[in-house]
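Below is one structure, written out as structure tokens, with a few remarks after it.
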Amino acid sequence: MVQEMRITLQNVGKIDPRSIDDYMQAGGYQALEKARTADPMELITEVERSGKLRGRGGAGFNTGLKWRGAAQAKAERKYVICNADEGEPGTYKDRIIMEGDPHIVIEGMLICACAVGAAEGYIYCRGEYQKANELLKNAIRQAEEKGLNGGVRLQVVSGAGSYVCGEETALIESLEGKRGEPRLKPPYPTVEGYQGKPTVVNNVETFAAIPSIVEKGAEWFQSIGAKKYPGTKIFTLSGDVVNRTWEEVPTDTTLRDIVYGIGGGVPGGRRLKAVQVGGSSCRFITGGMLDSAADFDSMARLGASLGSGSVLVVDDSHNIVDVLVPITDFFAHESCGKCVPCREGTMRMAGLIRDIAEGRGDEEKLAMIRMLSGYMQSSCFCPLGQSATTAVASAMEYFPEDFEGKLQRKEAAVHVED
Amino acid sequence: MSKISLTIDDINISAPRGSTILEAASLAGIRIPTLCHLKGQNAKANCRICVVHVKGMATLQPACATKAAEGMTVLTNTDAIRESRKMSLELILSSHSWDCHHCLRIGNYGIEELDKELCSFCFFCDCVKDGDCELQALAEEYDIRQLFFGWCGEPLPLDDSTGSVVRNPNKCVKCRRCIEVCTNEQTVYALGVEHRGSRLQVVPALGKSLVDSPCVKCGKCIDVCPTGAIYAKEQIDEMLYTVRLENEKRTVAQISPGIRGELARLLDMDERDLDLKRLISGLRKIGVETVVSEEYAAGAADAEAAEKLGKTLREKAGTVILSNSAPAIELINKEFPAMEKSLVTYPSAEQKFGQLAKGEWAKRAGVRAENICAVTLSANVTYKAEALQPEMRTGGVPSVDFVLTPQEIARMLNKTAVNLRKLPQGKYDLFGEARIPSSEACGALLASPDGTEGLTELELHMDGKALKAAVVRGLGGVRRVMEEIQSGASPYQVVRICS
């Protein structure tokens, strides 16, 4: 039985997202008050100790460590940025938070600003999320009216439809009014970020977890979920699943519980073929791997990743190559074009996968896909290109018969284990 | 400066802290191939040709942008690295101009030493580079014989809207060196990128043609382009046609000594062995009747500058901006229109030559201006744009007809089978009776660039007064000085600006 546990979503559906009073009645902004009276370094230690709250955007970097870096950097100005440019296909967790409880994000950011000594912050919000955009602006205005912002100026900036701007340095470039392309790292944003100043960039879900950690303490947070990746995680389900829904659960919940417990399994008497957790940039896993916990490290042990927490379920009616067509098209469309391997490679990969899917494949093309995939993983400038072929590589590993079927122009090869 | 030690290809290297892997490797004589990298520019790391393996890192790292660190172990030439470089080159070439794939220099291992003269007899391409191409050299080094992925270049139109700086987007490798020099060094902001992914293109600002962009035709982008994607518009054929077939025309050419270094490089000669007097013979062989040196016209131009400057300083208050550089003047016209009233312009040596050739000299020789063809041989591509300006006329015709760059001179010599190593020395024709000495007062101010970029301060003495003056080289510096003058913060009475 799946045990839901709502931390970041604690108020979603319970309060009016337009009402700051609702949020405060539910206990909102008390953590901020507590944070303001605390010593900033102790506050950061608390977040760090909180059993290492790790970034919920996908990279899993220790949030407290990030904050410490920015707090210790010497600069006359520092910035806090909320990465709300949710662009990973199948992921809509940030939208649920922002549309259901925008104040929790604002509070998390204000606590961070207080900890690192920032007086300005930006929420870089996905352009298509108009409702979230509006609600966040409203929430900022309300917090300012009540004087809760404590002099910290927060602003919402709308993204312009670029996947790579979810990468923190590309996000910062875009925020500075430049073309959204990743920067060379190092220096990392905590040292030289927005306008060259120390900057903390955290995901919406990460900020939303902060108020509860400050309020209830590190020990409480650490007691939830997986040891090394404690707390909760929102999973968003899509694809061939009965309930295309979302839920927040402790991080030690198994994938089987997520797919069958929350998702209700595969509809129409079909059988489960593959699951892609984390978005288009992540690996497929097969039914036999579902008993693993869904936390960051358990997923890594499977050679897969937790990523953003999206769960795409694929049933046995599909040939996996057909599933790869929109994925590879997506990367060809979203490559920023800066580096050669990604600029040319994503386009070539999309063409090769389409050729195979549409019956124009041969062994030589499979060999080209393998070569291109390895090359892009090792030589691209940023994670977009490095992970653009991850799904392809895992599909070739687990479902070679699907590719073979396509070469022989047979319909969906069947490969099922559950 | 503190040092760090690291191991590159099993060689222990001590390098200054802050060096990149590329720099550290070169200290030990290890060559790492590069394409987008250019010394003096910010690291771009977009071509991925210089990738190396750094022990402990999962992905390959660009040597141009990765700082060498204490104790680092680096490999620069493993099979995996060479495979990655080759793949990058194949991908670049597979969406690259089709004519480059016909080039005998690519994919014919063993004839990489092809003589450049071959290019003048080969008709497979329309490239101006004649084997002086960085992409071609890498393709040869990495033995790119066939395109693994097939060719998918889509022919794009050339942009020769400026008449001097030509862009061929089909040969662009998107290294962005041109954008870097235009934006950060020259602060002209004429170039950028549009679209993304494989549709990405380097384009003039807002996707307009170059002539409608902020471009001032300084030609710096030409200097940094690794391929034939940006080049100076060629006038070889037109010039040869005029010289050989328009019998009523007298051709007068002026040689600027500045061409020597680049011309020697292009002719695979040591600069010391290149005697420009042999070029006089070469030009005569082609059919140029009169060849003069730059000194006379340069002196006359300087004298004109000194006179104009003296007059202006006596009549006007405030900083006087002196220039004969077409790009610098255009930058002021475009971006500092309020400063035009402070601007004193004088002719370049090239323009002065044209004016003299079609003026005084024509009269003396009894030839009408329109029957004179004035050719200048100069390393400075900006004279091409200058010659096209409608006000640059003498006797009702353009003062200068053709401006040939070292690249054009080298190609013209190859085309006409003129070998400078074998020709005897020629003698300059005398242009005028007396040389006009350059004004002593302005000597230092007007001295030709010595290659130093930036600002040089000096003191001028005029009419018994000492004036604070400065020479600014490079448009980035020009912009800064203009902003200072505009805000009233400039300490100078005279500023000479060059591009």
Most exposed first by the Cβ proxy, i.e. fewest other Cβ within 10 Å, how do A:Ser298, A:Ser379, B:Ser120 rank?
-> B:Ser120, A:Ser298, A:Ser379
Just A:Val242, A:Val277, A:Val314 to compare: in a GNM of chain A, with alpha carbon springs under 10 Å, which one fluctuates most?
-> A:Val242
Mean shadow area of the range B:112-232 over all directions, Cα convex hull, nm² | 8.5 nm²
For chain A, longest principal axis from Cα atoms; helix A:340-357 axis from its Cα atoms; angle between them, nearest 10 degrees, is 50 degrees
Checking A:Gly69, A:Gly147, A:Gly180 against a Gaussian network model of chain A (alpha-carbon springs below 10 Å), the top fluctuating residue turns out to be A:Gly147
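Test of understanding: given chain B, find the longest segment containing no chymotrypsin sites (Phe, Trp or Tyr not before Pro) that are in a DSSP loop and have at most 13 other Cβ atoms within 10 Å.
Longest stretch, sites excluded: B:152-499.
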Rg and Dmax of chain A, using alpha carbons, in Å: what are they?
-> 21.6, 69
How much of the calculated P(r) for the range A:67-179 lies past 17 Å, in percent of all Cα pairs?
-> 54 percent
Using only Cα atoms, figure out Rg for chain B and give it as a multiple of 2.2 N^0.38 Å.
-> 1.07
Rg/Rh for the protein assembly as shown: what does it come to with C-alpha atoms and Rh from Kirkwood?
-> 1.05
Taking 0.36 nm per intervening residue step and subtracting the Cα-Cα distance, what contour gain separates B:Arg393 from B:Glu370 on full extension?
-> 7.2 nm
Within the range A:107-142, backbone nitrogen closer than 14 Å to the virtual label 7 Å beyond the Cα of A:Arg36 toward Cβ | A:107-108, A:110-115
For the range B:283-437, which semi-axes, largest first and in whole Å, follow from the square roots of 5 times the eigenvalues of its Cα gyration tensor?
-> 31, 18, 14
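So, counting K/R as plus one and D/E as minus one, what does the shell of residues with Cβ under 12 Å around A:Val200 add up to? Mind dumping the intermediate values first?
Values: positive: A:Lys66, A:Arg68, A:Lys78, A:Lys197; negative: A:Glu120, A:Glu168.
That works out to +2.
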The range A:20-222, convex hull of Cα, quarter of hull surface, nm² -> 10.3 nm²
Here the percent of antiparallel bridges among DSSP beta bridges lying wholly in the range B:1-107, to the nearest 5, is 85 percent
Counting DSSP beta bridges with both ends in chain A, the antiparallel % (nearest 5) = 45 percent
Please check which bits of the range B:212-244 a label hung off B:Arg265 would reach, taking the label as a point 7 Å along Cα-to-C-beta and the cut-off as backbone N under 17 Å.
-> B:219-232
Between B:Ala466 and B:Ala444, the two model label points (7 Å from Cα along the beta-carbon direction) sit apart by a distance in nm of 1.1 nm
Ellipticity estimate at 222 nm from DSSP helix runs (n ≥ 4, -39,500 (n - 2.57)) divided over chain B, nearest 500 = -8500 deg cm²/dmol
Using alpha carbon centers only, the range A:191-262 is separated from the range B:379-408 by a whole-angstrom value of 67 Å
So how tilted is helix B:79-93 from the main axis of chain B? Cα-based, degrees 0 to 90, rounded to 10.
-> 50 degrees
Förster-model FRET efficiency, 35 Å R0, A:Arg49 and B:Asn184, C-beta, rounded to 0.05 = 0.20
Could you work out the equivalent-ellipsoid semi-axes for the range A:138-177, taking the square root of 5 times each eigenvalue of the Cα gyration tensor, largest first, in whole Å?
-> 27, 10, 7
How about the range B:354-429: which GluC sites (Glu not before Pro) there are in a DSSP loop, with at most 11 other Cβ atoms within 10 Å of their Cβ?
-> B:Glu391
For the range B:141-191, what relative contact order do you get, as a whole percent, if you take Cα pairs closer than 8 Å and at least 6 residues apart?
-> 20 percent
Relative intensity, log₁₀ I(q)/I(0), of the range B:1-151 from a Debye sum that treats every alpha carbon as a point, q = 0.11, 0.21 Å⁻¹ = -0.50, -1.25
The percentage of Cα-Cα pairs in the range A:275-418 separated by more than 22 Å is 37 percent
Mind sorting B:Ser161, B:Ser325, A:Ser305 by how few other Cβ atoms lie within 10 Å of their own Cβ, fewest first?
-> B:Ser161, A:Ser305, B:Ser325
Divide, for the range A:225-305, the radius of gyration over alpha carbons by 2.2 N^0.38 Å, where N is the residue count.
-> 1.02
Size-normalised alpha-carbon gyration radius of the range A:283-355, reference 2.2 N^0.38 Å = 1.31
Quick one: compute the contact order of chain A, relative version, from alpha carbon pairs under 8 angstrom and 6+ residues apart, as a percent.
-> 17 percent
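How high is the relative contact order of the range A:29-183, given as a whole-number percent (alpha carbon pairs under 8 Å, six or more residues apart)?
Once divided by the residue count of the range A:29-183, the mean separation gives 22 percent.
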Rounded to the nearest 0.05, what FRET efficiency is calculated for B:Leu156 and B:Asp126 with R0 set to 22 Å and r the Cβ-Cβ distance?
-> 0.95
Centroid-to-centroid separation of the range A:358-414 and the range A:56-80 [C-alpha atoms, Å] | 37 Å
Debye log10 I(q)/I(0) for the range B:1-83, one point scatterer per Cα, at q = 0.12, 0.23, 0.26 Å⁻¹ | -0.29, -1.12, -1.40
Dipole moment magnitude, nearest 20 debye, chain A about Cα centre, only Lys, Arg, Asp, Glu C-beta charged | 860 debye
Per residue of chain A, what 222 nm ellipticity follows from adding -39500 (n - 2.57) for every DSSP H run with n ≥ 4, rounded to the nearest 500?
-> -12500 deg cm²/dmol
Say a paramagnetic label sat at a point 7 Å from the Cα of B:Ser209, along Cα to Cβ; which residues of the range B:370-395 have their backbone N under 12 Å from it?
-> none
Angle between the Cα long axis of helix B:236-245 and the longest principal axis of chain B, 0 to 90 degrees, nearest 10?
-> 40 degrees
If one computes the Cα centroid of the range A:1-17 and of the range B:1-78, what distance in Å separates the two points?
-> 50 Å
A:Arg244 versus A:Glu134, label points 7 Å from Cα toward the beta carbon: distance in nm?
-> 2.4 nm
Inter-label distance for B:Arg17 and A:Glu219, nm, one decimal - labels placed 7 Å from Cα along Cα-to-Cβ = 4.4 nm
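Just so you know, all these numbers are worked out from the coordinates, no wet-lab data involved. None of these values were measured; they are calculated from a predicted model. In this analysis, Cβ positions are derived from the backbone assuming ideal geometry, glycine residues included, and neighbour counts consider all displayed protein chains.
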